[in-house]
């Protein structure tokens, strides 16, 4: 079983060490890999080396703030979810974060239970999105297999029809000379209408054997046609 499909990588970016430690202790559980960064630039370097699924970022950090980090993530990791954390929330900053593509926005001091629920919901969304994508890929592969089988069936049907049509042109006892793969003029010259039925049959047998030698029919086909010829009504009349 591929356990990596159930793993979720979380990055906590906050310039306050105490805040990082609290979040790590709160969120660390089986199936989660948690990394930390002390500022936006360090967070960006971590994400470039090993992309994460969920990023919890403080809004105000040295070197690179949370909004700038959010814009980088939206450009480079569009599937990742970003939660913005700030102790100075305003309506303007909240709207700006949501418009920039943040998954959610939470203010300090937050309740640990609220943060735990928020992260759990985000992780559930990530896992469900993965499963949906996996099922979509599986359905796509099955659809390709079905289309391939349909094309194969169509090809076999066409080949079977061609074989049946070829057999129809070579039935003995009522053989249509002009549908054989030889020029009509040549047939007319070689088999005059004045010939008797016995002579015609003898020449047709010779013609079929020549076709076998040229590879225009198989040995089994030749034998089947000769057998049908021998059992034809015109043959029994002779």
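Pairs under 8 Å by beta carbon, first residue closer than 24 Å to residue 9 by Cα in segment 125-143, partner assigned to a helix (DSSP H, G or I) and at pLDDT below 90, six or more apart or different chains? Filtered contacts from segment 125-143: 127/6; 130/5; 134/5. All of 86, 107, 90, 94 fail the test of being out of contact with any strand residue (DSSP E or B) (no Cβ under 9 Å at 6 or more places or on another chain) and closer than 14 Å to residue 60 by Cα, apart from 90. The set of residues from segment 78-93 being in a helix (DSSP H, G or I) and surrounded by fewer than 16 Cβ atoms within 10 Å (Cβ to Cβ) comprises 91, 92. Among residues that are closer than 19 Å to residue 29 by Cα and surrounded by fewer than 16 Cβ atoms within 10 Å (Cβ to Cβ), residue 55 is not included. From the list 34, 73, the lone residue that is in a helix (DSSP H, G or I) and modelled with pLDDT of 95 or more is 73. Could you tell me whether any residue of segment 106-122 is within 30 Å of the chain's Cα centre (by Cα), assigned to a helix (DSSP H, G or I) and either without any contact (Cβ under 8 Å) to a residue 24 or more places away in the chain or in the same structural domain as residue 22 (by TED's automatic domain parsing) (or both)? Scanning segment 106-122, I find at least one residue that is within 30 Å of the chain's Cα centre (by Cα), assigned to a helix (DSSP H, G or I) and either without any contact (Cβ under 8 Å) to a residue 24 or more places away in the chain or in the same structural domain as residue 22 (by TED's automatic domain parsing) (or both), so the answer is yes.
The values are calculated or read from the model by the stated rules, or taken from the named source; none is laboratory data. From a predicted model like this one, the values you see are computed outputs, not experimental measurements. Glycine gets a Cβ as well: all are built from the backbone with ideal geometry, and neighbour counts include every protein chain shown.
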